[in-house]
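Q: Have a look at this one before I ask anything.
The values are calculated or read from the model by the stated rules, or taken from the named source; none is laboratory data. As the structure is a prediction and not an experimental result, all values here were calculated from the model. Counting neighbours? That spans all protein chains shown, and the Cβs are built from the backbone with ideal geometry, glycine included. In case anyone asks, the SASA skips ligands and DNA or RNA and just uses the protein heavy atoms, side chains included. Shrake-Rupley method; radii C 1.70, N 1.55, O 1.52, S 1.80 Å.
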Amino acid sequence: MDYLYKNINGREIYLTFLEPIKNIYEKAPVYFLIPGGGWHYATRQSMIECSDLSVEQLRKKGFAVVSIDYRTYNDDKVLMRDIMDDCYDALRYVSNNHNELGVDRKRIVLSGHSAGGHLALMLAYTAKTLIPEVHILCAAVMSAPTVLSFKNNLPRTHFLDTIDDIFESEEQKEKFSPYNYVSRDCPPTFLSAGTSDWLVFSNSSELLYDKLKENNVKCELVLSVCGGHCFEKVHKLIEPNKGMDDIQEDIANFVLKYI
């Protein structure tokens, strides 16, 4: 079922809600998905399809699923702060309507791929301050950009050539880098990346993983060795040790540890 969660300047923005396949809980925990697309395009259905295996497994375990649209640069010429505002508002909608939806706003899992993984991490690490009534159980992301600026003496972590469209300055890239929000209060985090991803490098996840470990945050890092941005085969003669289905299985298993 689709719900209008925001109307801004005549632009209607929707989320898709999927009920649990099996009703286990009085109020269902939420698997909250944010699609990728380089912050330049995003469709909520694409993330449901990308995550179809974990979506099905978690719905069978009593989870409801939410997948959101948000404004993008291609459609709306928005900046990162506007995109983040949409993500916060989608989460607020779920929280404010938790009784009608039959969900538990104290048990929310955030997930996303690529740009959606970045947004999921930002939401996971900052929502406690901005939406205190919500509790994030954990975050589980794929191929996420975590360090957006190269001014901080860290190695280059991506080759996103359109990133300057949505940021006004290097300071804004710093402000919206999940790496800079790591603390002991971060929720458990699952990170996955392809070692042959030439768009968002695997060191993006590795750097965040190391910082989470330094702060004693429960975390896991799974690398698709020789896998690409979607854990696909990149090298003609070498199969990745983990494909998308394997990563989805790992995500579902990670999430179930914290429910």
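Q: Looking at Gly36, Gly62 in this structure, which one is open to solvent by less than 70 Å² (accessible area, probe 1.4 Å) and under 20 Å from Ala144 (Cα atoms)?
A: Gly36
Q: Here is a check on your reading of the model: is Val147 assigned to a strand (DSSP E or B) and touching a residue at least 40 places away in the same chain (Cβ under 8 Å)? Before the answer, list the steps.
A: Working: assigned to a strand (DSSP E or B): no; touching a residue at least 40 places away in the same chain (Cβ under 8 Å): yes.
For Val147, the condition - assigned to a strand (DSSP E or B) and touching a residue at least 40 places away in the same chain (Cβ under 8 Å) - is not met.
Q: Among (1) closer than 22 Å to Gly37 by Cα; (2) open to solvent by less than 40 Å² (accessible area, probe 1.4 Å); (3) at pLDDT 95 or above, which single condition is Ile166 missing?
A: (3)
Q: In region 73-94, what count of residues is obtained for those that are within 17 Å of Tyr14 (Cβ to Cβ) and either modelled with pLDDT of 95 or more or charged (D, E, K, R) (or both)?
A: Final tally of qualifying residues: 14.
Q: Right, Leu15: open to solvent by less than 10 Å² (accessible area, probe 1.4 Å) and out of contact with any Pro (no Cβ under 7 Å at 6 or more places or on another chain) or not?
A: yes
Q: Considering region 169-195 alone, what residues qualify as being in contact with a Ser or Thr (Cβ under 8 Å, 6 or more places away or on another chain), charged (D, E, K, R) and surrounded by 17 or more Cβ atoms within 10 Å (Cβ to Cβ)?
A: Lys173
Q: For region 64-77, what are the residues that are touching a residue at least 60 places away in the same chain (Cβ under 8 Å) and not aliphatic (A, V, I, L, M)?
A: Start the filter on region 64-77 by keeping residues that are touching a residue at least 60 places away in the same chain (Cβ under 8 Å), which leaves 68, 71, 73, 76.
Passing the criteria: Arg71, Tyr73, Asp76.
Q: A further question follows. Exactly one condition in (1) assigned to a loop (DSSP other than H, G, I, E, B); (2) within 16 Å of the chain's Cα centre (by Cα) is false for Leu91; which is it?
A: Result: Leu91 fails condition (1) only.
Q: Within region 196-217, does at least one residue satisfy the condition of being without any contact (Cβ under 8 Å) to a residue 40 or more places away in the chain, in a loop (DSSP other than H, G, I, E, B), crowded, with 16+ Cβ neighbours inside 10 Å and in contact with a Leu (Cβ under 8 Å, 6 or more places away or on another chain)?
A: No, region 196-217 contains no residue that is without any contact (Cβ under 8 Å) to a residue 40 or more places away in the chain, in a loop (DSSP other than H, G, I, E, B), crowded, with 16+ Cβ neighbours inside 10 Å and in contact with a Leu (Cβ under 8 Å, 6 or more places away or on another chain).
Q: Taking the criterion of being closer than 22 Å to Arg156 by Cα, in a strand (DSSP E or B) and either under 16 Å from the mean Cα position of the chain (by Cα) or of a type in the set (Ser, Thr, Tyr) (or both), would at least one residue in region 223-238 satisfy it?
A: Checked against the condition, which is being closer than 22 Å to Arg156 by Cα, in a strand (DSSP E or B) and either under 16 Å from the mean Cα position of the chain (by Cα) or of a type in the set (Ser, Thr, Tyr) (or both), region 223-238 yields at least one hit.
Q: Further question on the same structure: Just for strands (runs of 3 or more DSSP E) wholly inside region 1-75: which have at least 1 residues that are of a type in the set (Gly, Ala, Ser)?
A: Here the list reads 28-34, 64-68.
Residue-by-condition table, conditions (1) farther than 20 Å from Gln57 by Cβ; (2) surrounded by 19 or more Cβ atoms within 10 Å (Cβ to Cβ); (3) of a type in the set (Asp, Glu):
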site	(1), (2), (3)
Val103	no, yes, no
Val109	no, yes, no
Ala120	no, yes, no
Thr126	yes, no, no
Pro145	yes, yes, no
Leu154	yes, no, no
